[in-house]
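Worksheet: the structure to be examined is printed underneath.
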Amino acid sequence: FGRDLLLSRQPEIAFFLDGAAPFRAETARGYVQGTLQAYMEQSARQTPGGLQQVSPVRIEPRFRYNQEFRSVFSIVPGSIMLILAFIPSMLAALSVVREREIGSISNLYCSPATVGEFLVGKQLPYVAISFMSFLVLVALAIVQFGVGIKGSAPALLLAGLLYVFAMTGLGLFVSSFVKTQVAALIGTAVLCSVPALQFSGFLYPAATLEGAAYFVGHGFPALWFQNVGLGAFTKGRGVDAFFAEFGVLFAFGVGFLLAARLILHKQEV
């Protein structure tokens, strides 16, 4: 760049903006344009007769992943993440606490089924229903909004299955220590709202999270599924790019189930 500038060869410089996050990319584009304009004005003032001789700068922004720079390619995957963060967890949160409210949970203590088998039996129907809802949401994204899957469809489906597994596990965990259905709904909504909205990469890129926000975001399943959703819908990534996300989502689901089992086992004892 410096050599071409000194030889008056009209040097070029490139800035690559992540179009998968349109709001942040728009801000970055404004900074880039302002910086270049300030640089050209400063260079013109330092050159004798520069203000009269300097040629205009032509800026042509280019965006990675989202060439058309349409916000729908960011909002639709994030909306799927938000819907699956609230609905499956709330449905599962009502399962155990409903048994406690009507008194039928005493059947668990008298039955030969273990606490783990009881929880899995409660969770599987909600996993199936939530995964079917996920398929409907993906179909709506493709047909209604025109947001096609540019990356790996199997990766997106596997991530969706693991995500609903993790979120229904979270619902069971909440349901295991509250006493009423109202408390289960409120507790689940509070636990899901802030991490899913603020720290999942939906409003702000996950790479910008720092301090406590970093641990809150990475300590909740929504961020990991959002990475897969954007990668599959917008960035065109394959299965091999999401091995870490698959493992973390599965670990979340198993961890929530084990925590719920431990709490119910202590109550049974």
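The values are calculated or read from the model by the stated rules, or taken from the named source; none is laboratory data. As the structure is a prediction and not an experimental result, all values here were calculated from the model. Every residue, glycine as well, gets a Cβ built from its backbone with ideal geometry; the counts of neighbours run over all protein chains shown. Ligands, DNA and RNA are stripped out before the accessible areas are found, and what is left, the full protein with its side chains, is counted by its heavy atoms. Shrake-Rupley method; radii C 1.70, N 1.55, O 1.52, S 1.80 Å.
Side notes on the structure shown:
- Straight Cα distances below 24 angstrom link K122 to the lysines K179, K266, with same-chain residues fewer than 8 positions distant left out.
- Highest mobility in the GNM of the chain, judged by mean-square fluctuation with C-alpha springs under 10 Å and restricted to F250, F69, F16, is found for F16.
- Spin-label model, Q181 to A259: label points 7 Å out along the Cα-to-beta-carbon direction sit 2.4 nm apart.
- Shown is the FRET efficiency for T27 and F86, computed with R0 = 41 Å from the Cβ-Cβ distance and rounded to the nearest 0.05: 0.90.
- The solvent-accessible area of V254, taken with every protein chain present and a 1.4 Å probe, is close to 50 Å².
- Most fluctuating residue given options A113, A128, A251, as computed from a GNM of the chain linking Cα atoms under 10 Å: A113
- Taking 7 Å steps out from each Cα toward its Cβ at S43 and A212 produces label points 4.6 nm apart.
- Per residue, the solvent-accessible area of segment 64-168 (1.4 Å probe, heavy atoms of protein chains only, all protein chains present) comes to 46 Å².
- Solvent-accessible surface (1.4 Å probe) assigned to T208 amounts to roughly 60 Å².
- Largest mean-square fluctuation among G19, G103, G171, in a Gaussian network model of the chain whose springs join Cα atoms under 10 Å apart, belongs to G103.
- With every protein chain in place, segment 155-269: carbon and sulfur % of accessible area (1.4 Å): 72
- For a straight C-alpha distance cut-off of 28 angstrom, the lysines reachable from K235 (same-chain residues fewer than eight places away being disregarded) are K150.
- Rough spin-label spacing in nm, given labels placed 7 Å along Cα→Cβ, for Q144 and S111: 3.7
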